[in-house]
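Data block below; observations after.
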Amino acid sequence: DIAYSLPKEVKIALFADVLCIWITRTSKKEIERLLQDAIEKIVEFCKKWGFKINKTKTCHTTYTRAGARSNYERKYKLNIKIEQEEVPLEQNPTFLGIKLDPKLAYTAHLQDVIKKQTSKINLILLKIDKKEDRSNQLFIKFMKTRAQHELIAKEIHDYLSKRPNESQQKFRTVFDKLQ
C-alpha cells in the first residue's frame, strides 16, 4: 500500500488512479522537503508496480487564509520535482471534478457549475422557444425559470452534500440566494 511508504506527516486521498498528497506546515522549506521525499517514494512505488505518473496532470497548490493574491506565485511556488521535472503551481486545480481555490472557498467551482448548468438550460429552452406559439410566452418564461432553478439547485445541493462542514455555511448563503 502506497500510504505506508510515505512519511507519517504526509496525508493522502486516493480514489481509483487519482492520488492527492498534502502537508500542513508553516515552514515552506519543511513543506518542500517533506513533499519531495513523498514524491520520490511515490515514484519508487510506481516504478516497482509498473504504474506511470501523468506529469501533465500533476501540480501543487497552497491553501491560505488570504487566498489568491498578486504575489501568490512568488510567495507560494514550491521547488518540488518528479524525476527532475518541476511540478507546476496551480491556483485552481481540479480534484475529482471539484475546482479548488487557494482559500478553499469553492467560489471557482460554484461559478463553473452555474455557468455549465445555465448554458445547458438555455440551449434546451432555445429549442422550446422555437417550437412554441408566441401566445405561450408567459408559460415558457415560467418554465425556463423553474427549469433553471431546479437544475442549478440540484447540482448545488449534490455538491454541498459532499463538502466539509466549514465550507457549507458560505455555500448555503449562495444557495439560498439562488432559490
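Could you size up the charge dipole of the stretch 2-103 around its Cα centre, putting +1 on the beta carbon of Lys and Arg and -1 on that of Asp and Glu, and report it in debye to the nearest 20?
That gives a dipole near 300 debye.
Go through 93, 24, 50 and say which Cα lies farthest out towards the positive end of the charge dipole of the stretch 2-103; charges sit on Cβ, +1 for Lys and Arg, -1 for Asp and Glu.
Result: 24, furthest along the dipole toward the positive end.
Which shape class applies to the stretch 2-103: rounded if a/c is under 1.5, otherwise prolate when a/b exceeds b/c and oblate if not, where a ≥ b ≥ c are the square roots of the Cα gyration tensor eigenvalues?
prolate
Where a number appears in this text, it was derived from the coordinates with a stated rule and is not lab data. It should be emphasised that the depicted structure is a prediction, and the values quoted were computed from it without experimental measurement. No Cβ is skipped: glycine too gets one built from the backbone with ideal geometry, and neighbour counts run over all protein chains shown.
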